[in-house]
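A.B. asks: Quick one: structure below, then a few questions.
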Amino acid sequence: MSDAPTVRIGMLHTAPRRPSGQREDSQSHQQSRLRILDGLRPLAAIMVLAYHFITLRDGWGQDPSTFSTPVYHLSEYGYLGVEIFFLISGFVICMSAWGRSLGDFIASRVSRLYPAYWAAILLTVTVLTVYPKVRGPGGWETILTNFTMLQQGLGVPNVDDSYWTLFVELKFYVLFAVIIFAGVTYRRCVMFCGIWTVAGVASLKAHDGLLSFWAIAPYSPYFIAGIAFYLMHRFRPTALLWAIVMVSFALAQHYVQGRLKMNLGAKAEWTASWPARVIILLAFVIMAGISLGWFDRVQWRWLTISGSITYPLYLLHMYIGFTLIALLRDHLPAPAVLLITVSALLALSWAVYRYVERPLGRRMRSALTRSMQEIRYSS
């Protein structure tokens, strides 16, 4: 098996595609950065921020549509940034797991997710304790349980509501870990996509709590499509891979109305669904372009820099942002409040990335890798 493609913090690497029938050569396996994926992450984050800061009423104390009616209506679809994150995740996790042991994968994911997450909890709790204008930080039991990232499975509230996506990601990692344990291959990835697709559809009518928990519909089509797109990129497009993508796209479109209701409530009844459908289509087209090499020449370094702070920005933005808006809304125009809030969050996110996520992540990964090796070679 060839050397494993790696995902470094803020940088995405993958192997060049090979012509049909050509086998992967570990000696000639060179890597190139996929900076375009780094660029998609901040775009998805901006969508989520727009949805939370403009569409939701929290923190404004008034109808946010007075901010700007056209912008408000566009921001209603910003929740789809989460779906884009999941689409990217399917691609990246399949890429990062190729050729790696399960222990390496666990060390990589834990060191990537937890340092910034722990910092975000501490900062969010501090802000909500000092300025409880939007909500309180919750009790100590809630806070401590949140440090595990398993609070949703235990029925414990999130310190920040945006953390719900992390549990979805964790379930995807556990499912894909089965493939990693067996050894990641093209055939096993395709089988995984097919089985998960069937399970996701079956879970809707099976009335089985365990199946529903692990099938994670309506989000599974994005992970599955991301995996198929990576297989296209690593090997070559095939009719089977396109079929997986098209079925995933059709299922994603099927879930649009339900996701609108979930995020907009009663307003979904008079909110057009076609913009959401177009956004999903564009996301799939862009990912298809990445898999086919359309963006291979996009090597702008600033995309990597912006992508590196996206994860801490997502973790920090919601209730810290709502608090800043609540503190400033009576003193400044809405556009100025939004600009100051986003700028402050970007600065804070960079600080978390630079002084927490990067150094602590390296140390954690090194320690966990040694621990996993000890387990592997112990009698």
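So that you can scan it fast, the table gives a plain yes or no per residue for (1) over 28 Å from L211 (Cα atoms); (2) crowded, with 20+ Cβ neighbours inside 10 Å:
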| site | (1), (2) |
| --- | --- |
| R109 | no, yes |
| A119 | yes, yes |
| T124 | yes, yes |
| P132 | yes, no |
| L154 | no, no |
| A182 | no, no |
| R188 | no, no |
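A.B. asks: Right, here's the next one. Six or more apart or on different chains, Cβ under 8 Å: which pairs go from a residue in the stretch 265-280 that's assigned to a loop (DSSP other than H, G, I, E, B) to one that's of a type in the set (A, V, I, L, M, F, W, C)? Could you list them?
C.D. replies: Matching pairs, first to second residue: T271/L260; T271/L264; S273/V256; S273/L260.
A.B. asks: For L150, indicate whether it is more than 22 Å from I84 (Cβ to Cβ), at pLDDT 95 or above and out of contact with any helix residue (DSSP H, G or I) (no Cβ under 9 Å at 6 or more places or on another chain).
C.D. replies: Details: more than 22 Å from I84 (Cβ to Cβ): yes; at pLDDT 95 or above: yes; out of contact with any helix residue (DSSP H, G or I) (no Cβ under 9 Å at 6 or more places or on another chain): no.
No, not satisfied.
A.B. asks: Would you check if there is a residue in the stretch 246-260 being at pLDDT 95 or above, in a helix (DSSP H, G or I), over 18 Å from V174 (Cα atoms) and among the aromatic types (F, W, Y)?
C.D. replies: The answer is yes, given that some residue of the stretch 246-260 is at pLDDT 95 or above, in a helix (DSSP H, G or I), over 18 Å from V174 (Cα atoms) and among the aromatic types (F, W, Y).
A.B. asks: How about the stretch 303-344: which of its residues are over 17 Å from the mean Cα position of the chain (by Cα), among the aliphatic types (A, V, I, L, M) and within 17 Å of R135 (Cβ to Cβ)?
C.D. replies: If the condition is that a residue be over 17 Å from the mean Cα position of the chain (by Cα), among the aliphatic types (A, V, I, L, M) and within 17 Å of R135 (Cβ to Cβ), then I320, L324, I325, A326, L327 are the ones that fit.
A.B. asks: With V352, V356, V337 as the choices, which residue is of a type outside the set (F, W, Y) and closer than 17 Å to A50 by Cα? Break it down stepwise before answering.
C.D. replies: Details: V352 fails: closer than 17 Å to A50 by Cα; V356 fails: closer than 17 Å to A50 by Cα.
Going through V352, V356, V337 in turn, the sole match is V337.
A.B. asks: Mind listing just one residue for me: the one in the stretch 285-335 that is among the basic types (K, R) and touching a residue at least 12 places away in the same chain (Cβ under 8 Å) and, of those, surrounded by the most Cβ atoms within 10 Å (Cβ to Cβ)? First the steps, then the outcome.
C.D. replies: Step one: of the stretch 285-335, the residues among the basic types (K, R) are 297, 301, 329.
Adding the requirement that they be touching a residue at least 12 places away in the same chain (Cβ under 8 Å) leaves 301, 329.
On the way: R301: 11, R329: 17.
So, considering only residues that are among the basic types (K, R) and touching a residue at least 12 places away in the same chain (Cβ under 8 Å), the one surrounded by the most Cβ atoms within 10 Å (Cβ to Cβ) is R329.
A.B. asks: Same structure again: L144 - would you say it is touching a Gly at 6+ places or on another chain (Cβ under 8 Å), assigned to a helix (DSSP H, G or I) and over 20 Å from E357 (Cβ atoms)? Walk me through how you get there before you give the answer.
C.D. replies: Values: touching a Gly at 6+ places or on another chain (Cβ under 8 Å): no; assigned to a helix (DSSP H, G or I): yes; over 20 Å from E357 (Cβ atoms): yes.
No; evaluated as a whole, the condition is false for this residue.
A.B. asks: While we're looking at this one, here's another question. For D63, are the conditions met, namely being over 16 Å from the mean Cα position of the chain (by Cα), at pLDDT below 90 and not β-branched (V, I, T)? Give the derivation first.
C.D. replies: On the way: over 16 Å from the mean Cα position of the chain (by Cα): yes; at pLDDT below 90: yes; not β-branched (V, I, T): yes.
Spelling it out, D63 is indeed over 16 Å from the mean Cα position of the chain (by Cα), at pLDDT below 90 and not β-branched (V, I, T).
A.B. asks: Right, something else. With (1) outside any loop (DSSP other than H, G, I, E, B); (2) touching a helix residue (DSSP H, G or I) at 6+ places or on another chain (Cβ under 7 Å); (3) more than 21 Å from Y77 (Cα to Cα) as the list, and V298 as the residue in question, which single condition is left unmet?
C.D. replies: (1) is the only condition that V298 fails.
A.B. asks: Do you know which residues across the stretch 124-140 are in contact with an Asp or Glu (Cβ under 7 Å, 6 or more places away or on another chain) and modelled with pLDDT of 95 or more?
C.D. replies: Filtering the stretch 124-140 for residues in contact with an Asp or Glu (Cβ under 7 Å, 6 or more places away or on another chain) gives 124, 134.
Residue satisfying the conditions is T124 alone.
A.B. asks: Taking the condition modelled with pLDDT under 90, surrounded by 23 or more Cβ atoms within 10 Å (Cβ to Cβ) and touching a helix residue (DSSP H, G or I) at 6+ places or on another chain (Cβ under 6 Å), does G226 pass?
C.D. replies: Working: modelled with pLDDT under 90: no; surrounded by 23 or more Cβ atoms within 10 Å (Cβ to Cβ): yes; touching a helix residue (DSSP H, G or I) at 6+ places or on another chain (Cβ under 6 Å): yes.
No; evaluated as a whole, the condition is false for this residue.
A.B. asks: If you check V168, V174, which single one turns out to be among the aliphatic types (A, V, I, L, M), in a helix (DSSP H, G or I), surrounded by fewer than 13 Cβ atoms within 10 Å (Cβ to Cβ) and on the phi < 0 side of the Ramachandran plot? Please lay out each step first, then the result.
C.D. replies: Numbers: V168 fails: surrounded by fewer than 13 Cβ atoms within 10 Å (Cβ to Cβ).
Exactly one of V168, V174 is among the aliphatic types (A, V, I, L, M), in a helix (DSSP H, G or I), surrounded by fewer than 13 Cβ atoms within 10 Å (Cβ to Cβ) and on the phi < 0 side of the Ramachandran plot, namely V174.
A.B. asks: Can you name the number of the only condition in (1) assigned to a helix (DSSP H, G or I); (2) hydrophobic (A, V, I, L, M, F, W, C); (3) more than 24 Å from M364 (Cβ to Cβ) that V134 fails?
C.D. replies: For V134, the exception is condition (1).
A.B. asks: Still on this structure: Filter the stretch 105-144 for residues that are aromatic (F, W, Y) and in contact (Cβ under 8 Å) with a residue 24 or more places away in the chain and give the result. Quick ask: steps written out before the conclusion?
C.D. replies: Filtering the stretch 105-144 for residues aromatic (F, W, Y) gives 105, 114, 117-118, 131, 140.
Hits for the stretch 105-144 are F105, Y114, Y117, W118, Y131.
A.B. asks: Which of the residues belonging to the stretch 51-60 are within 15 Å of L324 (Cα to Cα) and either part of a helix (DSSP H, G or I) or at pLDDT 90 or above (or both)?
C.D. replies: Step one: list which residues in the stretch 51-60 are within 15 Å of L324 (Cα to Cα), which gives 52-54, 56-60.
Correct list: H52, F53, I54.
A.B. asks: With the condition kept exactly as written, say whether any residue in the stretch 28-50 is in contact with a strand residue (DSSP E or B) (Cβ under 7 Å, 6 or more places away or on another chain) and either acidic (D, E) or modelled with pLDDT of 90 or more (or both).
C.D. replies: Scanning the stretch 28-50 turns up at least one residue that is in contact with a strand residue (DSSP E or B) (Cβ under 7 Å, 6 or more places away or on another chain) and either acidic (D, E) or modelled with pLDDT of 90 or more (or both).
The values are calculated or read from the model by the stated rules, or taken from the named source; none is laboratory data. Quick caveat, the model's predicted, so the values are computed rather than measured. Here Cβ is always computed from backbone atoms with ideal geometry, including for glycine, and neighbour counts include all displayed protein chains.
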